[in-house]
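Just so you know, all these numbers are worked out from the coordinates, no wet-lab data involved. What you see is a predicted model, and the numbers here were worked out from it, not measured in a lab. All Cβ positions, glycine included, derive from the backbone under ideal geometry; neighbour counts span all protein chains shown.
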Amino acid sequence: MSRVALVTGGTRGIGASVAKALKAAGYKVAANYAGNDEAAQKFKAENGIPVFKWDVSSFEACEAGIKQVEAEVGPIDVLVNNAGITRDSQLHRMKPEQWTAVINTNLGSLFNMCRNVIEGMRARKFGRIVNISSINGQKGQFGQTNYSAAKAGEIGFTKALAQESARSGITVNAICPGYINTEMVQAVPKDVLEKSILPLIPIGRLGEPEEIARCVLFLAADEAGLMTGSTLTANGGQYLA
């Protein structure tokens, strides 16, 4: 029987590449998304992966959404917490809603999602949870106190839940991508990218979403039972942890 995988933020960017890679590897995949219906329906039509819309910052929405996924696709064996937003600003200018939105979506969603799958995983004695953190959760980033705090929190969450879940056959790991060639990075002005970002990356290029997807496939595999509580860096050498 195929394992069931759920990817949050799974219809665009890194999440879309992860969802497609999991399907190609034989998983039954469901992709969550928050608001872009056009992109989600296009993704579904092109890849044959069912999509489910809910706000991961809401516990109740996650509870209802996960119940729907499990009813239509099956009990969740693999959870990839990829959904995230940015609301960049220096702290002395940051509005409370900018802080709260990022913390609730990027970090609060890990509790909302994991809490709603963990009991089933424990009962079945198997689970793979992969949290997509960020290089900026490891090193910090100017203008991103909210984002950096949330992504650093993801790493701490990962380490704690890994210890709680190890005896139940559940692994919990984090991946920290560097600058990846997604819509968000493509929106950076070309001169900023070429003068301020690429020179900091020893391999001299952006990462590709498919490269992060390969990291997820490794951690999600049945054979990856020894890997838990780990933080896998994938940043081209920009930051060595």
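Structure summary
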quantity: Dipole axis of the chain (+1 Lys, Arg; -1 Asp, Glu on Cβ), positive-most option in Ala61, Gly236, Gln163; calculated: Gln163
quantity: Chain lengthening between Met184 and Asp37 when straightened (0.36 nm per residue, less Cα-Cα); calculated: 51.1 nm
quantity: Phi to ³J(HN,Hα) by Karplus 6.51 cos²θ - 1.76 cosθ + 1.60 over region 172-185, Hz, x for Gly, Pro; calculated: 9, 9, 10, 10, 10, x, x, 7, 10, 6, 10, 4, 5, 6
quantity: Paramagnetic reach from Glu208 (point 7 Å along Cα→Cβ, amide N under 20 Å) across region 1-42; calculated: 11-26
quantity: More than 19 angstrom apart: percent of Cα pairs within region 52-160; calculated: 46 percent
quantity: Test item: Cα-centred dipole of the chain, Lys/Arg +1 and Asp/Glu -1 on Cβ, debye; calculated: 300 debye
quantity: Leading residue at positive end of dipole, the chain (Cβ point charges), from Leu206, Asn173, Met227; calculated: Met227
quantity: Packing-based ranking, highest mean first, of 200-211, 169-180, 88-99, 25-36 given that Cβ atoms within 10 Å are counted; calculated: 169-180, 25-36, 200-211, 88-99
quantity: Relative exposure of Lys20, Lys53, judged by other C-beta atoms within 10 Å (fewest first); calculated: Lys53, Lys20
quantity: Cβ-based exposure ranking for Arg214, Arg128, in which fewest neighbours within 10 Å come first; calculated: Arg214, Arg128
quantity: Cβ-Cβ FRET estimate between Leu226 and Arg122, R0 fixed at 22 Å, reported to 0.05; calculated: 0.70
quantity: Whether the chain is rounded, prolate or oblate, judged on the alpha carbon gyration tensor where a/c under 1.5 counts as rounded; calculated: rounded
quantity: Between helix 37-47 and the chain: long-axis angle, C-alpha atoms, 0 to 90°, nearest 10; calculated: 60 degrees
quantity: Likely footprinting exposure, Leu240, Leu6, Leu193, fewest C-beta neighbours within 10 Å first; calculated: Leu240, Leu193, Leu6
quantity: Neighbour net charge for Cys62 - beta-carbon separation under 15 angstrom, K R +1, D E -1; calculated: -2
